[in-house]
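Comments concern the structure below.
The values are calculated or read from the model by the stated rules, or taken from the named source; none is laboratory data. Only a predicted model underlies this, so the values are computations on that prediction, with no experimental measurement involved. Neighbour counts are summed over all protein chains in view; Cβ atoms, including those assigned to glycine, are modelled from backbone coordinates with ideal geometry.
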Amino acid sequence: MLMKLGIRIKNYMREGYSTVMRSKVFVGIAFIVIIFGIFYGANQFAGQSEESLESREEVTFSSIYPGLNREIHTKETEKYTTSISRPYTEDATINESINEWINQQEKEFKINMEKWTEDGADTVHRGHLNIQVETEKIAEMIYTLEFKAYQIAGGANGINRSKAFVIDLNENEQLHLFDVIDKNEASIQNIQKLIEEELYSRQDIEDYLFEDKIEDDLEELDSVEWSVNHEGLAIYFDEYEIAAGAAGSINIIIPLSKIKPYLQESFAHKIMEDFPETNGDTENEEDSDQKDEKKEEDLDPNKKYVALTFDDGPHPEVTPRVLDTLEKYESTATFFMLGSQVDYYPLLAKRVVADGHEIGNHTMNHPDLTTLDVKQIIEEVVVSSSIIEEATGINPKLIRPPYGAFNDDVKNIVEDKNLSIIMWSVDSLDWKSREAEAINEEVMSNVSDGSIILLHDIHSATADALPQLLDSLDKEGYKTISVTHLIELRENSGAGPYFSR
Ligand code: NI
């Protein structure tokens, strides 16, 4: 649910991170067990042949949601920043309807930005568009994608939008409400009643509700925004749709136990089978197989050292290429990961750690943190850390705020969570040029001893640039080490900029 993040964080605070996303952990562990079973099984027969290594990568680094992948696209201009999570399937029609909604949000944002600029926007604040998505497996190859978009383009308040897609990748189709619930008079009426009951039981919004608008809305039940998961049927209402603005956007969940009688039998069967109503506790018992921390005791303070940092991953294609090159050059780097990407590719995150690299937190959804309130900042930081720790066994000690944007609230919160803010001193501009040659030039003409170099393991051009970059650095006498080691080594000699706790 959109509320799920909130629930997750509440769980986190109440019970500690190990219960966060219990069901996902369960699915994740089951998957890991299967994958490693296949991998070791295959290895016993094939030995260390190239073939087995290839198939290992292919299998190991696919998404934990079979048939589904995701990418994040970020953009930065003088006036605004955007961060857009884009899940995609192998089916063009499904992708199209997802993209259509995303493009609509972008269009609206650009129009609002133009208006803001024309009205003489203040030059202090930048606009921001953030489109994030939560993915939930509700049955075999059936997923709920819950999108949440917020945009700030002038005005005191941002605009929030919700959208959900329930997709069945067995049939490659987007499910509609009447694919899920029975389309007969009685069940429709009962569901309408359940929604109304749920709305009027909410004391926080009760006073703002418009009775007639609710009636109108529910009249056309199949045009209501909805999704379903093992918690129940979720219904989404935009701001002003059924209530005064003070109520904001409204999301409700009708528990599965109440909705069950109206579900189509075949669908009910599928989701019940995959998610028995009581979820057994699944302890996260995996041990991180991180190599012993590379011993850096031979570091010579008189030599030249730099830290390569890779942001916004893990990415299913680019990150493995970056890791292979780093391995070849015996180079160590630091990866600032997005919790939302680690959620999809936990085994890839695990490999980053197993290869001896350092992991930092880059928030959950890549928002401009300065546009969020304190509660939202905490969510972005804490949920991401917990997902990274679940996947890798490492609790990050470093954070890089998206776009390098932070304020006093952000500083206080990360300090409270024992995280150090790490910025950069050399921007490869890979996000802008997307061109290997240009990336190398940009870095090599700006690098000096103690530099923290910003790269992104989401652009293929960055992976293309890396072998030559490592060659050039080596030729000029630079050694690459993790951010933490660089800061220890160069504490008083200008490594940074960074802020430690
Ligand atoms: Ni970033």
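Things to note:
- Condition check for residue 426: more than 16 Å from the ligand (Cβ to nearest atom), of a type in the set (A, V, I, L, M, F, W, C) and within 18 Å of residue 456 (Cβ to Cβ): no
- Of the candidates 320, 396, 367, the single residue that is outside any strand (DSSP E or B), within 14 Å of the ligand (Cβ to nearest atom), at pLDDT 95 or above and touching a helix residue (DSSP H, G or I) at 6+ places or on another chain (Cβ under 7 Å) is 367.
- Hits in the stretch 402-422 - residues which are more than 18 Å from residue 457 (Cβ to Cβ) and not in a helix (DSSP H, G or I): 405, 406, 407, 417, 418, 419, 420, 421
- Index of the failed condition, residue 258 passing every other in (1) part of a helix (DSSP H, G or I); (2) farther than 21 Å from residue 183 by Cβ; (3) among the charged types (D, E, K, R): (2)
- Among the residues making up the stretch 323-362, those that are within 16 Å of the ligand (Cβ to nearest atom), over 16 Å from residue 309 (Cβ atoms) and either touching a Lys or Arg at 6+ places or on another chain (Cβ under 6 Å) or among the small types (Gly, Ala, Ser) (or both) are 339, 340.
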